[in-house]
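Undergrad: Starting off with a structure, shown below.
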Amino acid sequence: MSSTCLPPAQPAFILRGHSAQIHALHFTKNNARLLTADADGWIVSWNLAFKRPVVVWKAHGNAVLGVGSWGTDRIITHGRDDRLLVWKLGIEDESTLDKTLPVDAVEASNKLPWLLHMLTVNTLNFCPFAMCRDGMPQVLSTQKVLKDNNMPEPILIAVPNTIDSGGIDIYQLPTQTRAANIGADRDITTGMVMALSILADSTRIQVAAGYESGHTMVFVQNDPAAAFQKLYSAHQHTQPVLSLSIAPSKDTYITTSADANIAKHPFPSGKSIWNTELKTIKVTSTKHSGQQGLSYRSDGKVFATAGWDSHVRVYSGKTMKELAVLKWHKEGSYATAFAAIKPVTTNITSDQLFEGQIGHSAIPYSDQASEEETEALVKMEEQSSALGTVQQRRDEKARNTHWLAAGAKDGKVSLWDIY
(Lines give C-alpha, C1' and ligand atoms only; values in the text may rest on other atoms or scores of the structure.)
Protein backbone atom coordinates (compact mmCIF):
# COMPACT_ATOMS: atom_id res chain seq x y z
CA MET A 1 0.00 0.00 0.00
CA SER A 2 1.43 3.38 -0.92
CA SER A 3 1.98 5.99 1.75
CA THR A 4 -0.65 8.21 0.12
CA CYS A 5 -3.32 5.60 0.93
CA LEU A 6 -2.45 5.26 4.60
CA PRO A 7 -4.85 6.85 7.09
CA PRO A 8 -3.60 9.78 9.20
CA ALA A 9 -1.60 8.81 12.26
CA GLN A 10 -3.56 8.81 15.50
CA PRO A 11 -2.26 9.20 19.06
CA ALA A 12 -1.94 6.03 21.10
CA PHE A 13 -3.38 7.74 24.19
CA ILE A 14 -4.79 11.08 25.30
CA LEU A 15 -4.06 12.28 28.84
CA ARG A 16 -6.86 14.52 30.11
CA GLY A 17 -6.86 16.34 33.41
CA HIS A 18 -5.51 19.87 32.98
CA SER A 19 -7.92 22.79 32.74
CA ALA A 20 -5.34 25.19 31.29
CA GLN A 21 -2.98 25.05 28.31
CA ILE A 22 0.04 22.76 28.55
CA HIS A 23 3.32 24.66 28.69
CA ALA A 24 5.93 21.98 29.45
CA LEU A 25 6.45 18.20 29.29
CA HIS A 26 9.23 15.95 30.60
CA PHE A 27 9.79 12.18 30.77
CA THR A 28 11.45 10.93 33.94
CA LYS A 29 12.07 7.75 35.98
CA ASN A 30 13.45 5.91 32.92
CA ASN A 31 10.31 6.82 30.96
CA ALA A 32 8.01 5.37 33.63
CA ARG A 33 6.64 8.83 34.44
CA LEU A 34 5.60 11.84 32.35
CA LEU A 35 5.49 15.28 33.96
CA THR A 36 2.97 17.73 32.48
CA ALA A 37 2.79 21.42 33.49
CA ASP A 38 0.16 24.02 32.68
CA ALA A 39 -0.57 27.75 32.56
CA ASP A 40 -2.21 27.75 36.00
CA GLY A 41 0.89 26.41 37.76
CA TRP A 42 -0.19 22.77 38.12
CA ILE A 43 2.14 19.78 37.75
CA VAL A 44 0.87 16.25 37.08
CA SER A 45 3.06 13.14 37.22
CA TRP A 46 1.55 10.34 35.12
CA ASN A 47 2.26 6.62 35.42
CA LEU A 48 2.77 5.67 31.77
CA ALA A 49 2.09 1.99 32.34
CA PHE A 50 -1.49 2.75 33.40
CA LYS A 51 -1.92 6.29 31.99
CA ARG A 52 -3.07 7.50 35.41
CA PRO A 53 -1.92 10.39 37.60
CA VAL A 54 0.20 9.40 40.59
CA VAL A 55 1.00 12.89 41.95
CA VAL A 56 -0.71 16.24 41.36
CA TRP A 57 0.24 19.54 42.96
CA LYS A 58 0.08 23.28 42.32
CA ALA A 59 3.75 24.19 42.15
CA HIS A 60 3.43 27.86 41.16
CA GLY A 61 1.02 30.75 41.45
CA ASN A 62 1.37 31.49 37.75
CA ALA A 63 2.14 29.65 34.51
CA VAL A 64 4.86 27.01 34.51
CA LEU A 65 7.55 27.74 31.91
CA GLY A 66 9.65 24.61 32.25
CA VAL A 67 9.98 21.33 34.10
CA GLY A 68 12.88 18.88 34.44
CA SER A 69 14.43 16.23 36.65
CA TRP A 70 17.68 16.06 38.62
CA GLY A 71 18.94 12.70 39.76
CA THR A 72 16.43 10.00 40.61
CA ASP A 73 14.11 11.88 42.96
CA ARG A 74 14.33 15.63 42.32
CA ILE A 75 11.94 17.59 40.10
CA ILE A 76 12.70 21.14 38.91
CA THR A 77 9.86 23.53 38.07
CA HIS A 78 10.17 27.07 36.71
CA GLY A 79 7.18 29.40 36.99
CA ARG A 80 6.16 32.88 35.98
CA ASP A 81 5.91 33.72 39.67
CA ASP A 82 9.67 34.43 39.47
CA ARG A 83 10.60 31.21 41.23
CA LEU A 84 12.62 28.17 40.24
CA LEU A 85 11.89 25.32 42.64
CA VAL A 86 13.43 21.92 43.32
CA TRP A 87 11.12 19.28 44.81
CA LYS A 88 11.85 15.85 46.23
CA LEU A 89 9.61 13.32 44.51
CA GLY A 90 10.68 9.70 44.61
CA ILE A 91 8.52 6.68 43.83
CA GLU A 92 8.18 6.09 47.56
CA ASP A 93 6.66 9.57 48.01
CA GLU A 94 3.80 9.06 45.56
CA SER A 95 1.47 7.19 47.91
CA THR A 96 1.39 10.08 50.41
CA LEU A 97 0.58 12.86 47.91
CA ASP A 98 -2.60 14.05 46.22
CA LYS A 99 -3.84 12.60 42.92
CA THR A 100 -6.80 14.90 42.25
CA LEU A 101 -6.47 16.31 38.73
CA PRO A 102 -6.74 20.09 38.18
CA VAL A 103 -10.09 19.73 36.38
CA ASP A 104 -11.53 18.07 39.49
CA ALA A 105 -9.75 20.09 42.18
CA VAL A 106 -11.94 22.56 44.08
CA GLU A 107 -8.81 24.07 45.62
CA ALA A 108 -5.11 23.29 45.69
CA SER A 109 -4.14 20.51 48.09
CA ASN A 110 -1.71 21.25 50.90
CA LYS A 111 -0.04 17.90 50.26
CA LEU A 112 3.05 19.02 48.38
CA PRO A 113 6.35 17.26 47.66
CA TRP A 114 9.17 18.32 49.94
CA LEU A 115 10.64 21.63 48.72
CA LEU A 116 14.45 21.42 48.68
CA HIS A 117 15.62 24.58 46.89
CA MET A 118 14.19 27.90 45.72
CA LEU A 119 15.79 30.46 43.42
CA THR A 120 14.35 33.89 42.63
CA VAL A 121 14.74 34.35 38.87
CA ASN A 122 13.59 36.56 36.00
CA THR A 123 10.54 35.23 34.16
CA LEU A 124 9.58 38.37 32.24
CA ASN A 125 11.10 36.81 29.11
CA PHE A 126 8.86 33.70 29.06
CA CYS A 127 12.18 31.84 28.70
CA PRO A 128 12.31 28.42 30.44
CA PHE A 129 15.42 27.37 32.34
CA ALA A 130 18.17 25.22 30.84
CA MET A 131 20.26 22.77 32.86
CA CYS A 132 23.24 20.45 32.60
CA ARG A 133 25.60 18.47 34.80
CA ASP A 134 28.38 20.58 36.31
CA GLY A 135 31.59 18.75 35.50
CA MET A 136 34.16 21.30 36.65
CA PRO A 137 36.85 19.58 38.79
CA GLN A 138 36.54 21.94 41.75
CA VAL A 139 32.80 21.32 41.92
CA LEU A 140 33.23 17.56 41.89
CA SER A 141 35.84 17.74 44.62
CA THR A 142 33.44 19.83 46.71
CA GLN A 143 30.78 17.19 46.24
CA LYS A 144 33.15 14.49 47.51
CA VAL A 145 33.84 16.53 50.64
CA LEU A 146 30.11 16.56 51.37
CA LYS A 147 30.10 12.74 51.40
CA ASP A 148 26.35 12.65 50.90
CA ASN A 149 25.42 9.51 49.02
CA ASN A 150 21.89 10.79 48.49
CA MET A 151 23.04 14.02 46.87
CA PRO A 152 22.89 13.92 43.05
CA GLU A 153 25.69 15.39 40.98
CA PRO A 154 25.87 19.20 40.99
CA ILE A 155 24.09 20.92 38.11
CA LEU A 156 24.14 24.29 36.39
CA ILE A 157 20.94 26.25 35.76
CA ALA A 158 20.81 28.95 33.05
CA VAL A 159 18.07 31.61 33.12
CA PRO A 160 17.69 35.20 31.85
CA ASN A 161 19.48 37.77 34.00
CA THR A 162 17.44 39.17 36.88
CA ILE A 163 18.05 42.82 35.93
CA ASP A 164 19.20 42.81 32.28
CA SER A 165 16.72 40.77 30.22
CA GLY A 166 19.32 40.44 27.45
CA GLY A 167 21.84 38.84 29.80
CA ILE A 168 22.09 35.34 31.24
CA ASP A 169 22.60 34.13 34.82
CA ILE A 170 24.07 30.70 35.59
CA TYR A 171 23.38 29.19 39.02
CA GLN A 172 24.84 26.11 40.63
CA LEU A 173 22.84 23.61 42.61
CA PRO A 174 22.82 22.44 45.35
CA THR A 175 24.80 25.49 46.58
CA GLN A 176 22.22 27.92 45.09
CA THR A 177 25.05 30.30 44.20
CA ARG A 178 25.37 32.32 41.01
CA ALA A 179 28.31 30.70 39.25
CA ALA A 180 28.59 32.99 36.22
CA ASN A 181 26.99 35.76 34.21
CA ILE A 182 26.83 36.55 30.50
CA GLY A 183 26.13 40.20 29.75
CA ALA A 184 23.87 41.42 26.97
CA ASP A 185 25.66 41.96 23.65
CA ARG A 186 26.72 45.60 23.35
CA ASP A 187 27.27 45.51 19.57
CA ILE A 188 23.95 43.94 18.54
CA THR A 189 20.50 44.89 19.73
CA THR A 190 19.15 41.45 20.59
CA GLY A 191 16.27 42.27 22.88
CA MET A 192 15.28 39.71 25.51
CA VAL A 193 16.67 36.20 25.88
CA MET A 194 13.94 33.86 24.62
CA ALA A 195 15.53 30.39 24.68
CA LEU A 196 18.58 28.77 26.28
CA SER A 197 20.60 25.58 26.31
CA ILE A 198 23.77 24.79 28.27
CA LEU A 199 26.53 22.17 28.32
CA ALA A 200 29.51 21.77 30.63
CA ASP A 201 32.48 19.43 30.91
CA SER A 202 35.71 19.36 32.88
CA THR A 203 37.26 22.28 30.98
CA ARG A 204 34.50 24.67 29.90
CA ILE A 205 30.90 25.81 29.99
CA GLN A 206 29.07 26.54 26.73
CA VAL A 207 25.73 28.30 26.34
CA ALA A 208 23.52 28.65 23.26
CA ALA A 209 20.97 31.47 23.37
CA GLY A 210 18.12 32.67 21.17
CA TYR A 211 16.86 36.24 21.28
CA GLU A 212 13.83 38.43 20.68
CA SER A 213 15.52 39.95 17.62
CA GLY A 214 15.86 36.55 15.90
CA HIS A 215 19.59 36.31 16.65
CA THR A 216 21.25 33.26 18.17
CA MET A 217 24.68 33.14 19.82
CA VAL A 218 27.04 30.64 21.43
CA PHE A 219 29.25 31.61 24.39
CA VAL A 220 32.10 29.75 26.11
CA GLN A 221 33.90 30.04 29.45
CA ASN A 222 37.15 28.11 29.73
CA ASP A 223 38.05 29.19 33.25
CA PRO A 224 35.69 29.81 36.19
CA ALA A 225 37.41 33.13 36.82
CA ALA A 226 37.22 34.31 33.21
CA ALA A 227 34.41 36.06 31.37
CA PHE A 228 32.37 34.28 28.71
CA GLN A 229 33.45 34.81 25.10
CA LYS A 230 31.15 34.84 22.08
CA LEU A 231 32.04 32.08 19.60
CA TYR A 232 29.21 32.26 17.13
CA SER A 233 26.45 34.65 16.11
CA ALA A 234 23.78 34.33 13.41
CA HIS A 235 20.58 36.08 12.40
CA GLN A 236 18.49 33.56 10.49
CA HIS A 237 15.09 34.55 11.89
CA THR A 238 13.02 37.68 11.29
CA GLN A 239 10.92 37.06 14.39
CA PRO A 240 11.79 36.11 17.99
CA VAL A 241 13.43 32.74 18.58
CA LEU A 242 10.89 30.54 20.36
CA SER A 243 12.93 27.44 21.16
CA LEU A 244 16.32 25.82 20.64
CA SER A 245 17.92 22.50 21.42
CA ILE A 246 21.47 21.15 21.24
CA ALA A 247 21.72 17.87 19.34
CA PRO A 248 22.66 14.77 21.36
CA SER A 249 25.89 14.66 19.31
CA LYS A 250 26.72 18.07 20.88
CA ASP A 251 28.09 19.49 17.62
CA THR A 252 25.01 21.32 16.30
CA TYR A 253 21.83 22.94 17.57
CA ILE A 254 18.46 23.84 16.09
CA THR A 255 16.44 27.04 16.46
CA THR A 256 12.76 27.69 15.74
CA SER A 257 11.02 31.01 15.62
CA ALA A 258 7.75 32.89 15.28
CA ASP A 259 8.62 33.02 11.57
CA ALA A 260 8.52 29.91 9.36
CA ASN A 261 12.28 29.16 9.44
CA ILE A 262 14.08 26.31 11.18
CA ALA A 263 17.84 26.72 11.31
CA LYS A 264 20.68 24.34 12.14
CA HIS A 265 23.78 25.96 13.64
CA PRO A 266 27.27 24.75 14.59
CA PHE A 267 27.88 24.19 18.27
CA PRO A 268 31.66 24.66 18.54
CA SER A 269 33.47 22.00 20.51
CA GLY A 270 36.93 20.48 20.74
CA LYS A 271 39.28 21.61 17.97
CA SER A 272 36.61 23.76 16.30
CA ILE A 273 35.96 25.90 19.34
CA TRP A 274 38.07 28.80 18.10
CA ASN A 275 37.08 28.54 14.45
CA THR A 276 36.38 32.14 13.44
CA GLU A 277 34.62 31.19 10.20
CA LEU A 278 31.68 29.29 11.64
CA LYS A 279 28.56 29.60 9.51
CA THR A 280 24.96 28.49 9.77
CA ILE A 281 24.72 24.93 8.49
CA LYS A 282 21.22 25.00 7.02
CA VAL A 283 18.05 27.07 7.03
CA THR A 284 14.73 25.52 6.02
CA SER A 285 11.60 27.53 5.29
CA THR A 286 8.74 25.33 6.47
CA LYS A 287 5.91 27.71 5.47
CA HIS A 288 4.49 27.15 8.95
CA SER A 289 5.10 30.03 11.34
CA GLY A 290 5.14 29.74 15.11
CA GLN A 291 6.87 26.42 15.73
CA GLN A 292 8.09 26.06 19.31
CA GLY A 293 8.60 23.46 22.04
CA LEU A 294 11.51 21.98 20.06
CA SER A 295 12.83 18.69 21.41
CA TYR A 296 15.38 16.17 20.15
CA ARG A 297 15.05 12.44 20.65
CA SER A 298 17.99 11.05 22.60
CA ASP A 299 19.43 9.22 19.56
CA GLY A 300 19.45 12.46 17.53
CA LYS A 301 17.68 10.90 14.55
CA VAL A 302 14.55 13.03 14.81
CA PHE A 303 13.31 16.21 16.46
CA ALA A 304 9.81 17.59 16.92
CA THR A 305 8.11 20.97 17.13
CA ALA A 306 4.73 22.14 18.39
CA GLY A 307 2.91 24.58 16.11
CA TRP A 308 0.56 27.49 16.62
CA ASP A 309 -1.57 25.80 13.94
CA SER A 310 -2.09 22.92 16.44
CA HIS A 311 0.04 20.47 14.42
CA VAL A 312 3.06 18.59 15.75
CA ARG A 313 5.79 18.13 13.16
CA VAL A 314 8.59 15.58 13.19
CA TYR A 315 11.80 16.27 11.27
CA SER A 316 14.93 14.33 10.37
CA GLY A 317 17.80 15.30 12.65
CA LYS A 318 20.25 14.92 9.77
CA THR A 319 18.49 16.49 6.78
CA MET A 320 15.81 18.57 8.57
CA LYS A 321 13.29 17.08 6.16
CA GLU A 322 9.72 16.97 7.43
CA LEU A 323 8.89 13.32 8.18
CA ALA A 324 5.45 13.51 9.74
CA VAL A 325 2.68 15.94 10.61
CA LEU A 326 0.65 14.79 13.61
CA LYS A 327 -2.85 16.24 13.58
CA TRP A 328 -5.10 15.69 16.55
CA HIS A 329 -5.23 18.84 18.68
CA LYS A 330 -7.69 21.48 17.51
CA GLU A 331 -5.96 24.41 19.19
CA GLY A 332 -2.36 25.65 19.25
CA SER A 333 0.33 23.26 20.47
CA TYR A 334 3.06 24.56 22.74
CA ALA A 335 5.22 21.68 24.02
CA THR A 336 6.78 18.40 22.90
CA ALA A 337 8.95 15.79 24.62
CA PHE A 338 10.50 12.48 23.56
CA ALA A 339 10.99 9.48 25.79
CA ALA A 340 14.63 8.44 25.96
CA ILE A 341 15.68 5.60 23.66
CA LYS A 342 17.20 2.53 25.33
CA PRO A 343 16.45 3.55 28.92
CA VAL A 344 18.50 2.08 31.74
CA THR A 345 17.08 -1.26 32.84
CA THR A 346 16.13 -1.20 36.49
CA ASN A 347 16.57 -4.12 38.85
CA ILE A 348 13.81 -5.97 40.61
CA THR A 349 13.95 -3.63 43.60
CA SER A 350 13.11 -0.68 41.38
CA ASP A 351 10.33 -2.66 39.72
CA GLN A 352 8.91 -3.39 43.14
CA LEU A 353 8.97 0.31 43.88
CA PHE A 354 7.19 1.07 40.62
CA GLU A 355 4.51 -1.59 40.90
CA GLY A 356 4.38 -2.47 44.57
CA GLN A 357 3.10 -6.02 43.93
CA ILE A 358 5.94 -7.88 42.27
CA GLY A 359 7.18 -11.09 43.84
CA HIS A 360 5.52 -13.53 46.25
CA SER A 361 3.02 -12.24 48.75
CA ALA A 362 3.83 -12.48 52.42
CA ILE A 363 1.02 -14.92 53.29
CA PRO A 364 1.75 -16.65 56.61
CA TYR A 365 1.50 -20.42 56.65
CA SER A 366 0.17 -22.06 59.77
CA ASP A 367 1.50 -25.41 60.96
CA GLN A 368 -2.08 -26.40 61.70
CA ALA A 369 -3.51 -25.25 58.35
CA SER A 370 -5.70 -27.78 56.60
CA GLU A 371 -4.91 -29.14 53.14
CA GLU A 372 -7.76 -27.05 51.67
CA GLU A 373 -6.49 -23.89 53.39
CA THR A 374 -2.96 -24.53 52.17
CA GLU A 375 -4.16 -25.03 48.60
CA ALA A 376 -6.19 -21.80 48.82
CA LEU A 377 -3.15 -19.88 50.11
CA VAL A 378 -0.93 -21.29 47.35
CA LYS A 379 -3.54 -20.32 44.74
CA MET A 380 -3.67 -16.78 46.16
CA GLU A 381 0.12 -16.55 45.92
CA GLU A 382 0.10 -17.72 42.32
CA GLN A 383 -2.58 -15.17 41.40
CA SER A 384 -0.64 -12.40 43.14
CA SER A 385 2.56 -13.41 41.37
CA ALA A 386 0.77 -13.49 38.00
CA LEU A 387 -0.70 -10.05 38.64
CA GLY A 388 2.73 -8.72 39.51
CA THR A 389 4.18 -10.21 36.33
CA VAL A 390 1.48 -8.57 34.19
CA GLN A 391 2.06 -5.22 35.85
CA GLN A 392 5.81 -5.58 35.44
CA ARG A 393 5.39 -6.27 31.73
CA ARG A 394 3.09 -3.29 31.29
CA ASP A 395 5.59 -1.04 33.02
CA GLU A 396 8.49 -2.39 30.96
CA LYS A 397 6.54 -1.92 27.73
CA ALA A 398 5.68 1.67 28.64
CA ARG A 399 9.31 2.46 29.44
CA ASN A 400 10.58 0.99 26.16
CA THR A 401 8.01 2.62 23.86
CA HIS A 402 9.30 5.40 21.60
CA TRP A 403 6.87 7.96 23.01
CA LEU A 404 6.43 11.44 21.64
CA ALA A 405 4.27 13.62 23.90
CA ALA A 406 2.61 16.84 22.76
CA GLY A 407 0.72 19.39 24.83
CA ALA A 408 -1.68 22.04 23.59
CA LYS A 409 -3.92 24.95 24.45
CA ASP A 410 -6.83 22.53 25.00
CA GLY A 411 -5.15 21.21 28.18
CA LYS A 412 -4.74 17.74 26.70
CA VAL A 413 -1.56 15.72 26.15
CA SER A 414 -1.34 13.37 23.19
CA LEU A 415 0.98 10.36 23.30
CA TRP A 416 2.28 9.09 19.97
CA ASP A 417 4.23 5.89 19.31
CA ILE A 418 6.29 6.63 16.20
CA TYR A 419 9.64 5.73 14.67
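The values are calculated or read from the model by the stated rules, or taken from the named source; none is laboratory data. In this text, all values refer to a predicted model and were calculated from it rather than measured experimentally. Positions of Cβ are backbone-derived with ideal geometry, glycine not excepted, and every protein chain shown enters the neighbour counts. Side chains included, ligands, DNA and RNA excluded: accessible areas come from the protein's heavy atoms. Shrake-Rupley method; radii C 1.70, N 1.55, O 1.52, S 1.80 Å.
Undergrad: In a shell of Cβ-Cβ distance under 10 Å around Ser109, excluding Ser109 itself, what net charge do Lys and Arg (+1) and Asp and Glu (-1) give? Mind showing how you got there, number by number?
TA: Working: positive: Lys58, Lys99, Lys111; negative: Asp98, Glu107.
Overall, the nearby charge balance is +1.
Undergrad: Mind ordering 110-123, 190-203 by average Cβ neighbours within 10 Å, highest first? Provide the component values of the computation, followed by the final result.
TA: Details: 110-123: 15.8, 190-203: 20.7.
Ranked from most to least packed, the peptides come out as 190-203, 110-123.
Undergrad: Another question, then. Over the stretch 194-310, what percent of the accessible surface lies on carbon and sulfur atoms, probe 1.4 Å? Walk me through the numbers before you get to the answer.
TA: On the way: 2290 of 4680 Å².
That share works out to 49 percent.
Undergrad: Here are some pairs, Lys29/Lys279; Lys99/Lys301; Lys250/Lys397; Lys301/Lys327; Lys58/Lys279; Lys58/Lys318; which of them have Cα atoms lying more than 32 Å apart in this structure? Can you show the working numbers first?
TA: On the way: Lys29/Lys279 38 Å; Lys99/Lys301 36 Å; Lys250/Lys397 29 Å; Lys301/Lys327 21 Å; Lys58/Lys279 44 Å; Lys58/Lys318 39 Å.
In this structure, Lys29/Lys279; Lys99/Lys301; Lys58/Lys279; Lys58/Lys318 lie more than 32 Å apart at Cα.
Undergrad: Still on this structure, please answer the following. Whole number in Å², please: accessible area per residue of the stretch 69-221, 1.4 Å probe, ligands, DNA and RNA not counted.
TA: On the way: 6790 Å² over 153 residues.
For the stretch 69-221, the per-residue accessible area is 44 Å².
Undergrad: Moving on. What distance in nm separates the two pseudo spin-label positions at Asp223 and Gln176, each 7 Å out from Cα along the beta-carbon direction?
TA: Reported label-point gap for Asp223 and Gln176 is 3.2 nm.
Undergrad: All other residues with a Cβ under 15 Å from the Cβ of His60 taken together, and with Lys, Arg as +1 and Asp, Glu as -1, what is their net charge?
TA: Computed value for this residue: -1.
Undergrad: Something else: Check Gly61: other-chain or 5+ apart residues with amide H under 5 Å from its amide H, H built from backbone geometry?
TA: Asp81
Undergrad: How do Thr36, Thr284 rank by accessible surface area computed with a 1.4 Å probe, from largest to smallest?
TA: Values: Thr36 0, Thr284 35 Å².
Output order, biggest surface exposure first: Thr284, Thr36.
Undergrad: Under 12 Å from the Cβ of Trp70, count the other residues' Cβ atoms, weight Lys and Arg +1, Asp and Glu -1, and hand me the total. All intermediate terms of the calculation are to be shown ahead of the outcome.
TA: Details: positive: Arg74, Lys88, Arg133; negative: Asp73, Asp134, Glu153.
Surrounding charge for Trp70 is 0.
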